[in-house]
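**Student:** Following this message is one structure expressed as structure tokens.
The values are calculated or read from the model by the stated rules, or taken from the named source; none is laboratory data. All figures in this text were calculated on a predicted structure; none of them were measured in a lab. Every residue, glycine as well, gets a Cβ built from its backbone with ideal geometry; the counts of neighbours run over all protein chains shown. Note: accessible area is taken over every heavy atom of the protein model, side chains too, but ligands, DNA and RNA are not part of it. Shrake-Rupley method; radii C 1.70, N 1.55, O 1.52, S 1.80 Å.
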Amino acid sequence: MTASEHLMFCYQCEQTAGCTGCMGRIGVCGKPADVARVQDELTGALIELACVADEDALPESTWQLAIECLFATMTNVNFDVDSLYDLLDRVRAEQGRAVFTHHPDSEVPIIADYDMNRIWDADEDVRSLKSLILFGIRGMAAYAYHALVLGFAKDEVNRFFIRALRALAADDLDAGELLALALEVGEKNLAVMEMLDRANTETYGVPEPTEVSLTVERGPFIVVSGHDLYDLQQLLEQTRGLGINVYTHGEMLPAHGYPRLKAYPHLKGNFGTAWQNQQKEFAGIPAPVLFTTNCLMPPRPSYVDRVYTTEVVSYPGLMHIDEERDFSPIIEQALELGGYPQDMPFAGINGGTTVTTGFGHDAVLAQADRIVEAVKTGAISRFFLVGGCDGARPGRNYYTEFVRQTPQDSIVLTLACGKYRFNDLDLGTVAGLPRLMDMGQCNDAFGAVQVALALAQAFACDVNELPLSFVLSWYEQKAVCILLTLLHLGVRGIRLGPTLPAFLSLNILSYLVEHYGIAPITTPEEDLQTILQS
Ligand code: SF4
Ligand code: SF3
């Protein structure tokens, strides 16, 4: 059966049905078939827009729209047909304008949207490579969006979005050309992550190591989830002096490390763990929750009246806060609900009551001399980068066990929501340094790359010759663009789990294994043994 004969076709995330594709009435993430179809239509319309657009004549609004649409089609962001149709209308209007700019004397023709089934039903290697490119630019668009909100953009990146979208429609690109483009997604994503790093640090200061409480104090509070620091800061401003405390959730945790955010005394701590536990963790809380980005799950009736979305996040029936960011409805509800009558001590998944974040690249590299010395004397034997996107699959306990079993003389760097598997463990110190360092959100993979490159320079060797191992978990499309960035940098031997992407064909997978040594995770014991003997 071809993709077009199914009610929907989506295989962009790790939890895709049967490790093959979601094709029925509803995806594993809760995305209904009609939403999947509009997302395909929207992507097709974007591809068509890219085909008729003249990059040199595009207004700022077109780049922004393309970024917004790509972001809206990521996993766990937008489940709302109406808001997706609004985006589709805007893309069609933009198509008309783009054609008109090209041919000012002609009537504006109606442009047929590119049919995404042409990709889903293509030869499996072409489909695989085009999927890598599309899912990669979706993840990259999310980062570009956060930077844009803070006033940062790059022409080179904007142009690349258009070029990559155009390539998806091309029938004359061979596997070699598509592979080169996929690696270029990795290169451009590095530029986007660098831009977002600059946007965040210039706006909120350079992150510093910060201990964060998991206890929710008595009284009214609001929980903020997602990656967008600007939304958090606006909420902190609007709740100033109102007696409402604010708690981060999921990927918002690293906000505590930024000096200009931690300066708000009512930014109190972190609530809950990674996104996949939200339906359990939000069930009884006497407070509203704001989602600024992924990962939103279909809300349960027990808390549906307390969840708010903003920016490109949308879910039918949930209250949406528009770009004016007037958070009054959330503030009023927080005051009405009143929070807990006494302090509520929550714990991480391993029972810890605090976590530490804020080890950005500046904080880690401030210790560079000590780190280099400790490696030379043998006090530090190895670095592990363990992290990435988390998910619900049971096999993900691997990451907790892996970190638990890392040698006492090793350092574990982590980032993204995968860290909740182990960030409340007390791993102690080595050579006067904490053994576990949380570098931030998934986009802070940029920082991890900076640390790796600085160490390679200090030891005058290649990154692959460092005593550094990458043990990553993936779930959605941000992980795809980060993986492509690591491949673009020539990083070899990445261990990836809990399963390999369904969109990698056998040939493409063999190529990645042969050229980059990518390996699926096995067991913590076996992988550690292999790594430590290498
Ligand atoms: Fe399935 Fe993932 Fe697509 Fe959701 S995003 S429909 S779970 S593949
Ligand atoms: Fe997590 Fe969704 Fe990816 Fe930013 S919040 S890492 S999965």
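**Student:** Can you tell me how many residues within the range 1-39 are outside any loop (DSSP other than H, G, I, E, B), more than 7 Å from ligand 1 (Cβ to nearest atom), out of contact with any helix residue (DSSP H, G or I) (no Cβ under 7 Å at 6 or more places or on another chain) and open to solvent by 30 Å² or more (accessible area, probe 1.4 Å)?
**Tutor:** Residues that pass the stated criteria total 5.
**Student:** Same structure again: If Asp390 satisfies all but one of (1) under 16 Å from Gly348 (Cα atoms); (2) more than 16 Å from the chain's Cα centre (by Cα); (3) within 16 Å of ligand 1 (Cβ to nearest atom), what's the number of the condition it fails?
**Tutor:** Result: Asp390 passes all but (2).
**Student:** Under 8 Å by Cβ, and 6 or more places apart or on different chains, what pairs join a residue from the range 16-44 that is touching a residue at least 40 places away in the same chain (Cβ under 8 Å) with one that is open to solvent by 40 Å² or more (accessible area, probe 1.4 Å) and within 16 Å of ligand 2 (Cβ to nearest atom)?
**Tutor:** Thr16/Val28
**Student:** Another question, if that's okay. Just checking, how many residues over the range 439-477 are in contact with a strand residue (DSSP E or B) (Cβ under 9 Å, 6 or more places away or on another chain) and within 16 Å of ligand 1 (Cβ to nearest atom)?
**Tutor:** 3
**Student:** Which of the following residues is of a type in the set (A, V, I, L, M, F, W, C) and either open to solvent by 50 Å² or more (accessible area, probe 1.4 Å) or not assigned by TED's automatic domain parsing to the domain that holds Ala141 (or both): Ala191, Ala169, Ala180, Ala199? Reasoning before the result, please.
**Tutor:** Details: Ala191 fails: either open to solvent by 50 Å² or more (accessible area, probe 1.4 Å) or not assigned by TED's automatic domain parsing to the domain that holds Ala141 (or both); Ala169 fails: either open to solvent by 50 Å² or more (accessible area, probe 1.4 Å) or not assigned by TED's automatic domain parsing to the domain that holds Ala141 (or both); Ala199 fails: either open to solvent by 50 Å² or more (accessible area, probe 1.4 Å) or not assigned by TED's automatic domain parsing to the domain that holds Ala141 (or both).
Criteria check complete, one pass: Ala180.
**Student:** Within the range 351-364, track down each residue that is over 24 Å from the mean Cα position of the chain (by Cα) and open to solvent by less than 60 Å² (accessible area, probe 1.4 Å).
**Tutor:** Of everything in the range 351-364, those that are over 24 Å from the mean Cα position of the chain (by Cα) and open to solvent by less than 60 Å² (accessible area, probe 1.4 Å) turn out to be Gly351, Gly352.
**Student:** Which is over 22 Å from Ser505 (Cβ atoms), modelled with pLDDT of 95 or more and not in a helix (DSSP H, G or I), of Phe152, Phe160? Reasoning before the result, please.
**Tutor:** Numbers: Phe160 fails: not in a helix (DSSP H, G or I).
It is Phe152.
**Student:** Could you list, ordered by first residue, the pairs with Cβ atoms under 6 Å in which the first is in the range 452-479 and in a helix (DSSP H, G or I) and the second is open to solvent by 50 Å² or more (accessible area, probe 1.4 Å), at least 6 apart or interchain?
**Tutor:** Listed by first residue and then by second, the contacts come to Ala454/Leu365; Asn464/Arg492.
**Student:** Now a separate question. Just to be sure before I move on: is Thr414 among the hydroxyl-bearing types (Ser, Thr, Tyr) and surrounded by fewer than 24 Cβ atoms within 10 Å (Cβ to Cβ) in the structure I sent?
**Tutor:** no
**Student:** A follow-up question, please. Considering (1) of a type outside the set (Asp, Glu); (2) in contact with a Phe, Trp or Tyr (Cβ under 7 Å, 6 or more places away or on another chain); (3) not in a strand (DSSP E or B), say which one Lys268 fails and leave the rest.
**Tutor:** Here Lys268 clears every test but (3).
**Student:** Something else about it: Between residues in the range 73-91 that are in the same structural domain as Gln15 (by TED's automatic domain parsing) and aromatic (Phe, Trp, Tyr) and residues that are assigned to a strand (DSSP E or B) and surrounded by fewer than 24 Cβ atoms within 10 Å (Cβ to Cβ), which pairs lie under 8 Å by C-beta distance while being six or more apart or on different chains?
**Tutor:** Here the result reads Phe79/Pro32; Phe79/Ser314, each pair linking the range 73-91 to a residue that is assigned to a strand (DSSP E or B) and surrounded by fewer than 24 Cβ atoms within 10 Å (Cβ to Cβ).
**Student:** Quick test of your reading of the structure: Ile331 fulfils all but one of (1) buried (at least 18 other Cβ atoms within 10 Å of the Cβ); (2) more than 16 Å from ligand 2 (Cβ to nearest atom); (3) under 26 Å from the mean Cα position of the chain (by Cα). Name the failing condition by number.
**Tutor:** Exception for Ile331: condition (3).
**Student:** Now a separate question. Within the range 106-149, which residues are of a type in the set (Val, Ile, Thr), at pLDDT 95 or above and farther than 21 Å from Leu196 by Cβ?
**Tutor:** Passing the criteria: Ile119, Val126.
**Student:** Could I ask something else about it? Any idea which residue in the range 278-314 is least open to solvent (accessible area, probe 1.4 Å), counting only those that are among the small types (Gly, Ala, Ser) and in a loop (DSSP other than H, G, I, E, B)?
**Tutor:** Just the residues of the range 278-314 that are among the small types (Gly, Ala, Ser), to begin with: 283-284, 287, 302, 314.
Right, trim to in a loop (DSSP other than H, G, I, E, B) and you get 283-284, 287, 302.
Numbers: Ala283: 39, Gly284: 64, Ala287: 0, Ser302: 63 Å².
This residue is Ala287.
**Student:** Continuing with this model, one more query. I'm trying to understand the selection: among the residues of the range 488-500, which are open to solvent by less than 10 Å² (accessible area, probe 1.4 Å) and part of a helix (DSSP H, G or I)?
**Tutor:** none
**Student:** Where in the range 315-384 are there helices (runs of 4 or more DSSP H), lying wholly inside it, with at least 3 residues that are outside the structural domain of Pro467 (by TED's automatic domain parsing)?
**Tutor:** 328-337
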